[in-house]
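Remarks on the structure that follows.
The values are calculated or read from the model by the stated rules, or taken from the named source; none is laboratory data. Not measured: the values here are computed from a predicted model. Please note: Cβ atoms are built from the backbone with ideal geometry, for glycine as well, and neighbour counts cover all protein chains shown.
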Amino acid sequence: MKRKAIYLLPLLSVAVISGCKKNDDPTKEEPAAIVQFVFTSDAHYGITRAAFQGGANVDAHTVNAAMVAKMNTLPDLTLPDDGGVNAGKKIANVDYVMEAGDIANRMEVSASVQTAGISWRQFKTDYLQNLTLKNKNNLPAGFLMVPGNHDVSNTIGYYAKMQPLTDASSMAEIYNLMFKPSLLRTALTYNYNGDRINYSRDIAGVHFCFIQMWPDSAVRIWLNTDLQNVKTETPVIIVAHDQPAVVSNHFTNPNGNHSINTTDKFDNVLDEHFKDGTSPATAGAIEQRAFAAFLKQHTNIRAYLHGHVHESKFYTWTGPDNDVSLSAASADSPMKGVVSAADETKLTFLFAALDPATMKLTLREVYWNVTPVKWGSMVTIDLKKKG
């Protein structure tokens, strides 16, 4: 009997690590546990909110710290009985927090915005040190993130005057956090052309692709290589800063020497040169069609999570020609919300529950700046269903 007990202990440890419960039938594999995560974006450290919790002109450090404090209360909350994944159950554990960029606001002189270095230090305190969420193994929740256009602009420069002209701190630190290189990057050693932030993670049977900005032609090269190792039946979710209907000014300037300048006003935060014209006021239909064509080639890409639009919403992106169907969701900004900037009771982040047994993903709005916390709209995405 002693030999049997000693022999079974490693098997039990493997079951716990893999998220499986004890199984009376050793020949039958238990399904992986449901994974829960928070999705948020556009922290925009360096600017202020007009009003927040009784104060005026409240800085982003204060607002984001308050949001993180509310995230920390999630384990004690019960999900609404709305028919979604884990409906009516206590949250208990949160496995990941995902952040879709714009950590540091652009360092524009006209707005007296602080440096990206100071912004990153504030973000680190709020999200990486004060976040207390734990996963099912009672370990700190994983943190996964991508940069936004403000993080990139601070790194490469902008057509409006900034002080300093560049500061790569947030890009360097995002790179360090996600890749953990043996030689950590700094604001001075970060190589924008070589240190791109594209990576993937397999979570609960779903392949998550975290990409820098938007899937332009350069990022699609990386995606094609990454997806070669993914089974065609495995659902894929893209996490990016920009929405599928990407804004034109983010592309590289197609004019002259392709510089960032006050005349053309392209941000150059995407490698691809704008093909639809000479002005960022023109819609980027050519580029969006190329992404739509990519989706047709990779039909297991089932969802797209993003920031930038400063609003929590669930929708289906159909492309410029209405010939694709991609489930998409965006997150509110604690500082620049389309709705929440004027009404702080409408501040939200998203809470997600992913069931690997059914391949259903439920996303719920969390109204966090009210007491008690309230649940908003929700959507359940069938990740097995092709677009």
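Can you tell me how many residues in segment 315-346 are within 19 Å of F39 (Cβ to Cβ), among the hydrophobic types (A, V, I, L, M, F, W, C) and touching a helix residue (DSSP H, G or I) at 6+ places or on another chain (Cβ under 7 Å)?
Taking segment 315-346 first, the residues within 19 Å of F39 (Cβ to Cβ) are 315-317, 326-340, 346.
Next, from what is left, pick out any that are among the hydrophobic types (A, V, I, L, M, F, W, C): 317, 326, 328-329, 331, 335, 338-339.
Okay, now just the ones that are also touching a helix residue (DSSP H, G or I) at 6+ places or on another chain (Cβ under 7 Å), so 326, 335, 339.
Summing the residues that are within 19 Å of F39 (Cβ to Cβ), among the hydrophobic types (A, V, I, L, M, F, W, C) and touching a helix residue (DSSP H, G or I) at 6+ places or on another chain (Cβ under 7 Å) in segment 315-346 gives 3.
Against the test of being under 17 Å from the mean Cα position of the chain (by Cα) and not in a helix (DSSP H, G or I), the options L188, L177, L131, L183 yield a single qualifying residue, L131. A60 - would you say it is under 30 Å from P164 (Cα atoms), small (G, A, S), touching a residue at least 12 places away in the same chain (Cβ under 8 Å) and crowded, with 16+ Cβ neighbours inside 10 Å? In short, yes.
Can you confirm whether segment 59-79 contains a residue that is at positive phi and modelled with pLDDT of 95 or more? Step through it out loud before you land on a result.
Here is the first cut: in segment 59-79, the ones at positive phi are none.
No, segment 59-79 contains no residue that is at positive phi and modelled with pLDDT of 95 or more.
Out of all the residues in segment 228-243, is one or more among the acidic types (D, E), surrounded by 18 or more Cβ atoms within 10 Å (Cβ to Cβ), farther than 20 Å from A331 by Cβ and within 17 Å of the chain's Cα centre (by Cα)? No, segment 228-243 contains no residue that is among the acidic types (D, E), surrounded by 18 or more Cβ atoms within 10 Å (Cβ to Cβ), farther than 20 Å from A331 by Cβ and within 17 Å of the chain's Cα centre (by Cα).
Would you call D321 more than 20 Å from the chain's Cα centre (by Cα), in a loop (DSSP other than H, G, I, E, B) and either surrounded by fewer than 24 Cβ atoms within 10 Å (Cβ to Cβ) or of a type outside the set (A, V, I, L, M, F, W, C) (or both)? If you could, list the steps in order and put the result at the bottom.
On the way: more than 20 Å from the chain's Cα centre (by Cα): yes; in a loop (DSSP other than H, G, I, E, B): yes; either surrounded by fewer than 24 Cβ atoms within 10 Å (Cβ to Cβ) or of a type outside the set (A, V, I, L, M, F, W, C) (or both): yes.
Yes, satisfied.
Figure legend. Inter-residue proximity from segment 141-163: first residues at positive phi and part of a loop (DSSP other than H, G, I, E, B), second residues exposed (fewer than 15 other Cβ atoms within 10 Å of the Cβ) and not basic (K, R), beta-carbon distance below 7 Å, spacing 6+ or different chains. Indicated pairs: G157/L165. Residues in segment 169-217 that are charged (D, E, K, R) and in contact with a Gly (Cβ under 7 Å, 6 or more places away or on another chain): there are none. Picking from residues in segment 359-387 that are outside any strand (DSSP E or B) and out of contact with any Leu (no Cβ under 9 Å at 6 or more places or on another chain), the one that is nearest to N105 (Cα to Cα) is T371.
Residues in segment 163-184 that are surrounded by 13 or more Cβ atoms within 10 Å (Cβ to Cβ) and among the small types (G, A, S): A168, S169, S170, A172.
Kindly indicate the residue of segment 280-300 that is of a type in the set (A, V, I, L, M, F, W, C) and within 25 Å of I260 (Cα to Cα) and also surrounded by the most Cβ atoms within 10 Å (Cβ to Cβ) among those meeting that condition. Give the steps one after another, and end with the answer.
Here is the first cut: in segment 280-300, the ones of a type in the set (A, V, I, L, M, F, W, C) are 281, 283, 285-286, 290-295.
With the extra rule that they be within 25 Å of I260 (Cα to Cα), the set shrinks to 281, 283, 285-286, 290-291.
Numbers: A281: 9, A283: 15, A285: 16, I286: 14, A290: 16, F291: 25.
Among those residues, the one meeting the criterion is F291.
Assess whether A281 counts as being in contact with a strand residue (DSSP E or B) (Cβ under 6 Å, 6 or more places away or on another chain) and outside any helix (DSSP H, G or I). It is false that A281 is in contact with a strand residue (DSSP E or B) (Cβ under 6 Å, 6 or more places away or on another chain) and outside any helix (DSSP H, G or I). Could you list, in sequence order, the residues of segment 227-274 that are out of contact with any strand residue (DSSP E or B) (no Cβ under 7 Å at 6 or more places or on another chain), of a type in the set (S, T, N, Q), touching a residue at least 40 places away in the same chain (Cβ under 8 Å) and within 22 Å of K386 (Cα to Cα)? The one that is out of contact with any strand residue (DSSP E or B) (no Cβ under 7 Å at 6 or more places or on another chain), of a type in the set (S, T, N, Q), touching a residue at least 40 places away in the same chain (Cβ under 8 Å) and within 22 Å of K386 (Cα to Cα): T232.
Mind checking which residues of segment 185-209 are surrounded by 14 or more Cβ atoms within 10 Å (Cβ to Cβ) and either free of Cβ contacts under 8 Å to residues at least 24 places away in the same chain or polar (S, T, N, Q) (or both)? Listed by number, the residues that qualify are R185, N198, Y199, S200.
Looking only at residues of segment 66-107 that are surrounded by 18 or more Cβ atoms within 10 Å (Cβ to Cβ) and acidic (D, E), we find that the one that is nearest to the chain's Cα centre (by Cα) is E99. Could you list all residues from segment 223-245 that are outside any loop (DSSP other than H, G, I, E, B) and either farther than 17 Å from M145 by Cβ or among the small types (G, A, S) (or both)? Of everything in segment 223-245, those that are outside any loop (DSSP other than H, G, I, E, B) and either farther than 17 Å from M145 by Cβ or among the small types (G, A, S) (or both) turn out to be L223, N224, T225, D226, L227, V236, A240.
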